[in-house]
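Below is one structure, written out as structure tokens; the observations come after it.
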Amino acid sequence: NADVAMYYAKGEGRNNYQFYTPAMNERAFDRLTLENALRRALDNNELFIHYQPQVNLESGEMVGVEALARWQHPERGLLSAGNFIPLAEETGQVILIGEWVLRRACEQHCEWLQAGLPPLRMAVNLSGLQFRQEGLLFLLRDVIEKTGIDPAYLELEVTESILMQNTEQARERVQELKDLGVTLAVDDFGTGYSSLSYLKNFPVKTLKIDQSFIRNVAEDADSMAITDAIIAMAHSLGMRVIAEGVEKDEQLNYLRRQNCDEVQGFLFSRPVAPEVIDEHLRRQAEGVLLPDQPLLAAA
Ligand code: C2E
Ligand code: MG
Ligand code: MG
Ligand code: MG
């Protein structure tokens, strides 16, 4: 399909991806200009979502996607979340943006189902502000009711550092979310300073190993030791492990040997437009796995 290919090509290429640092953001943008532009972005429909596949290592199938916010800025072009979410967190705009992403992602999940495609777990990032926000449960109930999504398919991603702040309140919040029927993932795990065993106090379903460990995983002894420990501990606590930022075969092979459950990264797919996910799902039904070839089946 030519339209899909076009969309894909215009998406974020490898060279488009930027690591975000607050200092870079300061240099790149006039903050006030960006803040004002972001305020209008929602009204002008400049925000949209790319979805990145999460692949089960046993079956080789895409079992979930992570919703990642994108901004088609009128002058600056396509911006990844890393380029504007940190500012939106500072200004509080992430509350409105996050609400829109949550609603749209859940609608998308249901649209795929209505199109006869198999259900995909939908992972949505929550910033600290959203996680702590008074109205979060009200919002989630409303989104679940209005979109009709089965909450078991909605996974909320919260970073380790957010979870470890005000731990008693965080623990209560995690329990409230669990009671709603949604699942929770700890994002960027390993970058904070929490002890693994501390996690048993939190009813969290999924651990996402941070990209910084996966980057060197087949080469660097420390990264391997940390990765192995995270996988072993998570499994002993009955949690699912997803490795983030998998780009190379060597990383994939290592993670498979260590019984990592799922992987996410450019090796399988970049974050892509929803139409591209449709295509993946349709091909998958015919037995063709990401990345467009039976890579895992052959291994
Ligand atoms: P994250 O949740 O840890 O998302 C993973 C980031 O790594 C994404 O960047 C993704 O594009 C990138 N990535 C995925 N695979 C690879 C890979 O193989 N190699 C490399 N080098 N990078 C990879 P992105 O989209 O710029 O998002 C950055 C962060 O912004 C996210 O980190 C998340 O914390 C936040 N974010 C994104 N969307 C939302 C949103 O809707 N709401 C909130 N509150 N935060 C969001
Ligand atoms: Mg995430
Ligand atoms: Mg992450
Ligand atoms: Mg991150």
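The values are calculated or read from the model by the stated rules, or taken from the named source; none is laboratory data. A quick note: this is a predicted structure, and the numbers were derived from the prediction, not measured. With ideal geometry, Cβ positions are generated from the backbone for all residues, glycine too; neighbour counts draw on all protein chains shown. Accessible surface areas use protein heavy atoms only, side chains included; no ligands, DNA or RNA. Shrake-Rupley method; radii C 1.70, N 1.55, O 1.52, S 1.80 Å.
Residues in the range 188-212 that are within 16 Å of ligand 2 (Cβ to nearest atom), over 25 Å from Gly148 (Cβ atoms) and out of contact with any helix residue (DSSP H, G or I) (no Cβ under 7 Å at 6 or more places or on another chain): how many? It would help to see each step written out before you state the result.
The initial filter retains those residues of the range 188-212 that are within 16 Å of ligand 2 (Cβ to nearest atom), namely 188-192, 204-212.
Still in the list and also over 25 Å from Gly148 (Cβ atoms): 188-192, 204, 207-212.
If we keep only those that are out of contact with any helix residue (DSSP H, G or I) (no Cβ under 7 Å at 6 or more places or on another chain) as well, we get 208, 210-212.
The total comes to 4.
When the residues of the range 136-166 are filtered to those that are at pLDDT below 95 and open to solvent by 30 Å² or more (accessible area, probe 1.4 Å), the one that is farthest from Met62 (Cα to Cα) is Asn166. Considering the conditions (1) more than 16 Å from ligand 1 (Cβ to nearest atom); (2) more than 26 Å from Ser80 (Cβ to Cβ); (3) open to solvent by 10 Å² or more (accessible area, probe 1.4 Å), Leu199 is excluded by exactly one of them, (3). Residue count for the range 106-134, restricted to those that are in contact (Cβ under 8 Å) with a residue 40 or more places away in the chain and under 17 Å from Gly181 (Cα atoms): 9. The criterion of being touching an Asp or Glu at 6+ places or on another chain (Cβ under 7 Å) and open to solvent by less than 60 Å² (accessible area, probe 1.4 Å) holds for Asp188.
Residue-level check: of (1) open to solvent by 60 Å² or more (accessible area, probe 1.4 Å); (2) among the aliphatic types (A, V, I, L, M); (3) touching an Asp or Glu at 6+ places or on another chain (Cβ under 6 Å), Val241 misses just (1).
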